[in-house]
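Beneath this line is the structure, given in structure tokens, with notes to follow.
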Amino acid sequence: MTPPIPLARPDIGPAERAAVQTVLESGRLSLGPALEAFESALATTSGVAGAVGVNSGTSGLQLALEAAGIRPGDEVITTSLSFVATANAIRRVGAQPVFADIDPVTLNLDPRSAAERVGPRTRGILLVHLFGRLADMASFRELADSAGLILIEDACEALGSERDGLRAGAGGRAGVFGFYANKLITTGEGGAIVSDDMALLERCRRLRNHGRTGGGEPFVDPAPGFNFRLSELHAALGVAQMTRLEELIAARARLAAGYSERLSGAAGLDLPAPAEPGERIAWFTYVVRVPPGPGLRDRVAARLTADGIGNGHYFPAIHQLPPYAKDPASRRGPLPVTAAAADRCLALPFFPGLSEASMDRVCERLRAAISAG
Ligand SMILES: Cc1ncc(COP(=O)(O)O)c(C=O)c1O
């Protein structure tokens, strides 16, 4: 029988194993040199002044929003085509997500739709760089500046992506990365906030650690803090992965090109647009849009699963999920492009080490699954 092909798999090598072993033997398991080294590598790669490591992308979003000044009752404009954590983080700081529609080609938040959603209580924009492709930063910076809004990037899927010299995470007040096992680099679980604003970073550092600046220091933050710390074991894994960032980005770029070549011309199938001049996509995953048709994506997904081919529904529209479906305040207008895209999106197996033969099989089975209707 042909072996199954997973949707995602982390690429962990000897350097990662050695780095974790070193921490285990050091006796220092939290708030130590590995965390500092990881933060410094993230800041350098993103082209910003500093970084604060945390235990997930979701906690990073929560801290970034709070430290940037988003308060209960504020509205934050965001996309509904993202992982649900994007909107949940806004809710968890007591603010109200307001969904704007997306661009039909890039699937990222559409700046014109976002501008239409700005109201008297709007205080921020939480951009998402979906599947590794940067949103239109220039337009969003202009919108944020002209409307006096706080711009934050959910860059959980876009470490290393770049457009015209600007790296993911460096375009707004703060950017947030996630390091779950399917991400470009992984720490198992983990996240980070990056920013040029040292006061904002200092606030995040305190809030991640119960309101303290360091392990044994006094509690100084006026707000109740959390334990969102990233352990030394996770951070050491991250440092080792960061030394391989360019290799991992290149491997994923080859996979994306391989899929696009194999699938070009497939009737009704929309493939991710290639990078534009000046743009580098650090591909998080490869998501196609199957031809439109009621239930077709789910039937195609079930056929691939039956064939042992991992696949994912990236992403259901957040505004149709339980915490938001009955929340009229999150909808200031219709979201037709989002709804249509969400019904058709299907993520294909995508990880360094995916063989050419496996890609052949995925594409052959995908075409067959679509033809079966
Ligand atoms: C766009 C986006 N935002 C937020 C998150 C949340 O990250 P985490 O799972 O590390 O909490 C993820 C990833 O899972 C994501 O893809």
* Of all residues making up region 3-44, the number that are among the charged types (D, E, K, R) and more than 20 Å from the chain's Cα centre (by Cα) -> 5
* Subset of region 159-185 [of a type outside the set (A, V, I, L, M), within 23 Å of Leu65 (Cα to Cα) and within 12 Å of the ligand (Cβ to nearest atom)] -> Gly175, Phe177, Gly178, Phe179, Tyr180, Lys183
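Being over 16 Å from the mean Cα position of the chain (by Cα), touching a residue at least 12 places away in the same chain (Cβ under 8 Å) and more than 16 Å from Glu66 (Cα to Cα) narrows it down to one residue among Leu233, Leu207, Leu201; which is it? Step through it out loud before you land on a result.
Numbers: Leu207 fails: more than 16 Å from Glu66 (Cα to Cα); Leu201 fails: more than 16 Å from Glu66 (Cα to Cα).
The conditions single out Leu233.
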* Asked: Name the residues in region 104-141 that are away from the ligand (no atom under 16 Å from the Cβ) and not in a helix (DSSP H, G or I), would you?
  -> Pro104, Val105, Asp110, Val118, Gly119, Pro120, Arg121, Thr122, Arg123, Asp136
* helices (runs of 4 or more DSSP H) (entirely within region 263-361) containing at least 1 residues that are within 30 Å of Pro97 (Cα to Cα) and of a type in the set (Asp, Glu) -> 296-306, 336-344
* To do: Could you tell me which of the residues Ala275, Ala368 is surrounded by fewer than 20 Cβ atoms within 10 Å (Cβ to Cβ) and closer than 30 Å to Glu162 by Cα?
  => Ala275
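Of the residues Asp136, Asp154, which is touching a residue at least 60 places away in the same chain (Cβ under 8 Å) and either of a type in the set (Asp, Glu) or over 23 Å from Ala250 (Cα atoms) (or both)?
Asp154
Residue-wise test of (1) of a type in the set (Gly, Ala, Ser); (2) in contact with a strand residue (DSSP E or B) (Cβ under 8 Å, 6 or more places away or on another chain); (3) buried (at least 24 other Cβ atoms within 10 Å of the Cβ); (4) at pLDDT below 95.
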| site | (1), (2), (3), (4) |
| --- | --- |
| Gly13 | yes, no, no, no |
| Leu61 | no, yes, yes, no |
| Ala64 | yes, yes, yes, no |
| Ile77 | no, yes, yes, no |
* Only residues that are in contact (Cβ under 8 Å) with a residue 24 or more places away in the chain and in a helix (DSSP H, G or I): list them for region 1-32, please. => Ala15, Glu16, Ala18, Ala19, Val20, Thr22, Val23, Leu24, Ser26
* To do: Might you let me know whether region 314-330 holds any residue that is crowded, with 18+ Cβ neighbours inside 10 Å, away from the ligand (no atom under 16 Å from the Cβ) and among the hydrophobic types (A, V, I, L, M, F, W, C)?
  => no
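The values are calculated or read from the model by the stated rules, or taken from the named source; none is laboratory data. Because the structure is a prediction, the values reported are computed rather than measured. Note: ideal-geometry Cβ built from the backbone for every residue, glycine included; neighbour counts use all protein chains shown.
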